[in-house]
Amino acid sequence: MKSDAWRAARLAGITLVGSLTALLLAGCVPLDEPPPGPDTAETAASLTPTAEPTSWDDCGKPTISHAEPAEKGWRIIGAMELKIQDGSRSTTEYFTRSLAPSIVWEGSGQPSDRFTEQISEVIEYPATGVIVGHEAVADMFQGVKDPGTTLGYRAVEEISVPITLSCGDLVAFGTVNTWMNNETGIIDCSLPAEVEPELPSNMVRKQWCPDQGSN
């Protein structure tokens, strides 16, 4: 009887050890490792609130909004005359200027200039760059071949765009002074003027056509 009891207990122990070995091999019962969980450092970082910027230098990407542009009218930035006579060409530069957009901020604590490109993308008008008056007129004169006198000009239609920048608790208000259209054209002073007096061609005609202008 004792022999039979000892044999049964021994067989039960072998069966138990075999079962545990099978479970360990199958990966079902990890003995010393804790259960898997999220990375502790990543979790702590995700729960840490982002510090609000205390100055515009700390702002990565501000929120930019704008109002409708206010039209300010046309401005002449270049006027030249081309004379072609007896196969010779000569030009007279009456007026030229360079024009660049500007941003005027209200109050102190102005935002950094590094936001200018972002402002231009949002308002969809130039906030950077320079437009030069005489260059486009001189290029246009290259296509004029007929003898005679030709008056050429370049003009821009100026606008102002109110903008607001915000970044955390920082808020700034400003105005972008820029242009919405630019025009390059040729005038024949012997022809009658166009009807609308505010057109840049009529502004140039009045100023520089010999029998109509002040020159």
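If the requirement is being closer than 25 Å to Gly148 by Cβ, open to solvent by 30 Å² or more (accessible area, probe 1.4 Å) and not hydrophobic (A, V, I, L, M, F, W, C), which of these qualifies: Ser112, Ser98, Ser88? Break it down stepwise before answering.
Working: Ser112 fails: closer than 25 Å to Gly148 by Cβ; Ser98 fails: closer than 25 Å to Gly148 by Cβ.
Unique residue meeting the criteria: Ser88.
Go through (1) modelled with pLDDT of 95 or more; (2) part of a strand (DSSP E or B); (3) within 30 Å of Asp58 (Cβ to Cβ) one by one and return the number of the condition Ser166 breaks.
(1)
Would you pick out the residues in the stretch 159-201 that are open to solvent by 20 Å² or more (accessible area, probe 1.4 Å) and among the polar types (S, T, N, Q)?
Ser160, Thr164, Ser166, Thr175, Asn177, Asn181, Asn182, Thr184, Ser190
Conditions tested, residue by residue: (1) among the basic types (Lys, Arg); (2) over 18 Å from Gln207 (Cβ atoms); (3) touching a residue at least 24 places away in the same chain (Cβ under 8 Å).
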residue	(1), (2), (3)
His134	no, no, yes
Asp139	no, yes, no
Val144	no, yes, yes
Val161	no, yes, yes
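Hey, can you tell me all the residues within the stretch 152-169 that are within 14 Å of Glu106 (Cα to Cα) and not β-branched (Val, Ile, Thr)?
Listed by number, the residues that qualify are Pro162, Leu165, Ser166.
Those residues that are of a type in the set (Lys, Arg) and out of contact with any His (no Cβ under 9 Å at 6 or more places or on another chain), I need them from the stretch 145-161; list them, please. Let's see the steps before the verdict.
Going through the stretch 145-161, the residues of a type in the set (Lys, Arg) turn out to be 145, 154.
The one that is of a type in the set (Lys, Arg) and out of contact with any His (no Cβ under 9 Å at 6 or more places or on another chain): Lys145.
Sort through Asp146, Asp139 and tell me the only one that's of a type in the set (Asp, Glu), touching a strand residue (DSSP E or B) at 6+ places or on another chain (Cβ under 8 Å), within 30 Å of Ile186 (Cα to Cα) and at pLDDT below 95.
Working: Asp139 fails: touching a strand residue (DSSP E or B) at 6+ places or on another chain (Cβ under 8 Å).
Selected residue: Asp146, the only one of Asp146, Asp139 that is of a type in the set (Asp, Glu), touching a strand residue (DSSP E or B) at 6+ places or on another chain (Cβ under 8 Å), within 30 Å of Ile186 (Cα to Cα) and at pLDDT below 95.
Taking Glu117 and the conditions (1) part of a strand (DSSP E or B); (2) of a type outside the set (Gly, Ala, Ser); (3) within 29 Å of the chain's Cα centre (by Cα), which numbered condition does it fall short on, given that it satisfies the others?
Exception for Glu117: condition (1).
Taking Ile64 as the residue in question, decide whether it is touching a residue at least 60 places away in the same chain (Cβ under 8 Å) and more than 26 Å from the chain's Cα centre (by Cα).
Details: touching a residue at least 60 places away in the same chain (Cβ under 8 Å): yes; more than 26 Å from the chain's Cα centre (by Cα): no.
In short, no.
Among the residues of the stretch 202-214, which ones are in contact with a helix residue (DSSP H, G or I) (Cβ under 8 Å, 6 or more places away or on another chain) and open to solvent by 40 Å² or more (accessible area, probe 1.4 Å)?
Gln212, Ser214
Residue check, Val171 against (1) over 30 Å from Thr54 (Cα atoms); (2) in contact with a strand residue (DSSP E or B) (Cβ under 9 Å, 6 or more places away or on another chain), all met but one. Which one?
Going through the list (1) over 30 Å from Thr54 (Cα atoms); (2) in contact with a strand residue (DSSP E or B) (Cβ under 9 Å, 6 or more places away or on another chain), Val171 breaks only (1).
The values are calculated or read from the model by the stated rules, or taken from the named source; none is laboratory data. It should be emphasised that the depicted structure is a prediction, and the values quoted were computed from it without experimental measurement. Don't worry about glycine lacking a Cβ; one is built from the backbone with ideal geometry, like all the others, and counts go over all protein chains shown. Quick note on the areas: whole protein, heavy atoms, side chains included, nothing else; ligands and nucleic acids left out. Shrake-Rupley method; radii C 1.70, N 1.55, O 1.52, S 1.80 Å.
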